[in-house]
Amino acid sequence: MKLLNSKLDTSTSVLFDTPGPRAKAMTRWFNIGAIVLLAAFMAYVLSVMGAKGQLEAEKWTDLFTAKAWGSYYLPGLLATLQAAGISVVTSVVFGVLFGMARLAQNRPMRWFGTVVVEFFRAVPVLMMMIFFWLFLSRFSWINPAQLPFFAVVIGLTLYNGSVIAELLRSGVKQLPRGQGEAGLAIGLTPGQTLRTILMPQAFNAMMPSMLSQFVVILKDTALGYIISYPELLASARRIGSGDGNILQTLLLAAVLFIAVNFSLTTFATWLGGFLSSRTSVTPKKMHHLPGEVDTPNPPTQQMFVLPGKRK
């Protein structure tokens, strides 16, 4: 029996054939060739940059002056984080409201939520930013200096909020049917069941995907430079144009974006694992009396369907 179990474990743990000596040698030479080509490409790029004078020390040391960071990089990074942070909050609020609208029993409300979500998912973010930048300029009570900020936040909110609404809707649809039936069985209305039982579970299950969408929000703030929003990319372009080292400043801006996005991605990965460990249930080992056998697991239940809606 032990021999049979070990054979089964071996066959199920290996999903592909173990490479032989020839395959290992080919893989090794392929990796070496890729490294050599990459090194040759980097050497070529550095030689071209040296010929163009892009490797001069002055062009790189100007990146780390107090003027560059105090007047450009830090204010630009702060503006990026400010627009992204507010857009994250408003996108979640928008997504929850219209995600619930798409799941509502009321047909006009459901159709309204569907039209709004599908429309803003289809319109490019930059087009919405430009539209609201021009539209809000018609109102004299809005400070002209704040127009780019409002346009960036509204554009990011409408697009990413629609994506979050769709994530929550799909999360509710993926829940077992018994979750909704349990709420109805204890006397809750379909709306109360959706708000108090289904949406919190869907929000928890889709949290890693939503955190990935938050990274998209942070990156899309860079589109604001087209409507003169002083975010990180616009600040880097401004100081680079003045000092004549636009390549170096853009590289530094890219490094800052990578660092922030990597931090958010690491946090999203940790939070996804943390939520999975808090919400997952490990089945306990069953103890049987002599002569009893294991019964197969019951089939997966169907998705929860609100009353009045056909599957």
Might you report the magnitude of the Cβ-based charge dipole of segment 154-273 about its Cα centre, with Lys and Arg at +1 and Asp and Glu at -1, to the nearest 20 debye?
-> 180
What accessible surface, in Å², does a 1.4 Å probe find on VAL45, ignoring ligands, DNA and RNA and rounding to the nearest 10?
-> 50
Over segment 93-181, relative contact order from alpha-carbon pairs under 8 Å, at least 6 apart, % = 43
For ALA185 and ASN143, extending 7 Å from Cα along the Cα-Cβ vector and measuring point to point gives, in nm, a value of 5.7
To the nearest 0.05, how large is the calculated FRET efficiency for SER212 and LEU81 if R₀ is 22 Å and r is the Cβ-Cβ distance?
-> 0.80
Residue-span extension gain [ILE130 to ASN261] - 0.36 nm each, minus C-alpha spacing = 44.7 nm
What order, most packed first, do the peptides 179-186, 77-84 have when packing is the mean number of other Cβ atoms within 10 Å of each residue?
-> 77-84, 179-186
Simple spin-label estimate for ALA122 and ALA39 in nanometres, 7 Å along Cα-Cβ | 5.3
Mean separation of Cα contacts under 8 Å (6+ apart) over length of segment 66-277, as relative contact order % = 28
Quote the accessible area belonging to PHE135 in square angstrom, nearest 10, computed with a 1.4 Å probe and with ligands, DNA and RNA left uncounted.
-> 90
Rough spin-label spacing in nm, given labels placed 7 Å along Cα→Cβ, for ALA51 and GLN201 = 6.5
Run the numbers on segment 159-203 and let me know its relative contact order in percent, using alpha-carbon pairs under 8 Å that are six or more apart.
-> 49
Accessible-area composition of segment 66-277, carbon plus sulfur, in percent [1.4 Å probe] | 70
Given a 1.4 Å probe, the accessible area of segment 66-277 per residue, as a whole number of Å², is 49
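The values are calculated or read from the model by the stated rules, or taken from the named source; none is laboratory data. Bear in mind the structure is a predicted one, so any value in this text is a computation, not a measurement. Glycine also receives a Cβ, built like all others from the backbone with ideal geometry; neighbour counts cover every protein chain displayed. All accessible areas refer to the heavy atoms of the entire protein, side chains included, with ligands and DNA or RNA removed. Shrake-Rupley method; radii C 1.70, N 1.55, O 1.52, S 1.80 Å.
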